[in-house]
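For reference, the structure discussed in these notes is given below.
The values are calculated or read from the model by the stated rules, or taken from the named source; none is laboratory data. Everything quoted here is computed from the prediction, not taken from an experiment. Don't worry about glycine lacking a Cβ; one is built from the backbone with ideal geometry, like all the others, and counts go over all protein chains shown.
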Amino acid sequence: MSWLGHIAAVASVSVALTGLACAGPNLWTDLTSISTGKTNRGRTRRPAVMPLKGEGFVVPKRWRERGFQFGVDELVEAIPRAAQRVNTQAPAATLGIADLSARNGGRSRWHSSHQSGRDVDLIFYTTNEDGEPLAPLEDDMLHFNGEGEPYLPQDEEYNDEAWEERRFDTARNWLLIESLLSDPTIRLQWVFVSNELKRRLLDHARAIGRPAWMIEYAAVVMNQPGDAPPHDDHFHVRVYCSRGDRFHGCTERGVIWRHEKKSFKYAGPERYDPVLWHLMAASPTLLGPL
């Protein structure tokens, strides 16, 4: 190769290295959603959009009109999948999906979190007094006590006049939690719910013979927040930053489990949890049917 050829080759390498050096956060992406910052001080880019209706789920009027149907790809895809699974195994169930994040994330008048596309509020499944499943209300999130009965907190009102006839659907709400925990594409950081309803759900799981590792897993993830209302009217689900999003500045709040389960954005799913998830590799039948 001539000396001119050597100079041209060196110049090409220099240009390539310069390009890679510019491939920093928010500059070099895989064109999927991006979550940046924390859930209480963050933003989203290219978010996925939650459908307003699908098999086993619906976004009721109050939240549909608010327009907070944006989130990271993996969360937006996992919620309908969990709703469909519940509806398949316990027919006639309809999950009410409330707020995710605004289109670009950021602050809102309704939430201190929900800013980075990794939070979603899910309305409890309910039944009538005969155990028949009921559709979510269009404007209300009902509060439930540890007995699964609705109550009206002081200084609040419900638009639905028949609210007292509803009951917390323990079986379907547990199916929802288990479906989300066992989804290989997401890692739940928290499911905020009141201590009384958490106990009710775990007692149900034990009574129907669910695997001990799943019950312990749920017990770690479900928590009543210490700096917010007790969440006895809905589940507040939060997923961890994906590895790809951490590169772009996504950061966690609170306890961090340094492992994940994902099936895209990087190589392959990881099936592990802080209790006994590793047993799945040796005996996948431990999970059993939901």
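For the reader, a short list of remarks on this structure follows.
- Filtered by the rule that a residue be without any contact (Cβ under 8 Å) to a residue 12 or more places away in the chain and either on the phi > 0 side of the Ramachandran plot or among the hydrophobic types (A, V, I, L, M, F, W, C) (or both), the stretch 157-199 gives a lone residue, Ala162.
- Residues being more than 24 Å from Pro91 (Cβ to Cβ) and of a type outside the set (Phe, Trp, Tyr) - total across the stretch 142-169: 14
- Screening Glu157, Glu165, Glu138, Glu161 for residues that are within 28 Å of Asp203 (Cα to Cα), out of contact with any Phe, Trp or Tyr (no Cβ under 7 Å at 6 or more places or on another chain) and of a type in the set (D, E, K, R) leaves exactly one candidate, Glu165.
- For the stretch 209-252, a tally of residues being assigned to a loop (DSSP other than H, G, I, E, B) and touching a residue at least 12 places away in the same chain (Cβ under 8 Å) returns 16.
- Qualifying residues in the stretch 216-253 (those that are aromatic (Phe, Trp, Tyr) and within 17 Å of Ile79 (Cβ to Cβ)) - the one modelled with the highest pLDDT: Phe235
- Extreme residue, surrounded by the most Cβ atoms within 10 Å (Cβ to Cβ), among residues of the stretch 207-228 that are touching a Pro at 6+ places or on another chain (Cβ under 9 Å) and not charged (D, E, K, R): Tyr217
- Strands (runs of 3 or more DSSP E) wholly inside the stretch 1-105 containing at least 1 residues that are modelled with pLDDT of 95 or more and of a type outside the set (Ser, Thr, Tyr): 95-97
- Looking only at residues in the stretch 171-200 that are over 13 Å from Asp232 (Cα atoms) and among the β-branched types (Val, Ile, Thr), the one that is modelled with the highest pLDDT is Ile177.
- Any pair with Cβ under 7 angstrom, 6 or more apart, that starts in the stretch 113-132 at a residue that is under 20 Å from Gly42 (Cβ atoms) and ends at one that is part of a loop (DSSP other than H, G, I, E, B) and small (Gly, Ala, Ser): His114/Ser108; Gln115/Gly106; Gly117/Ser33; Asp119/Ser113; Asp121/Ala98
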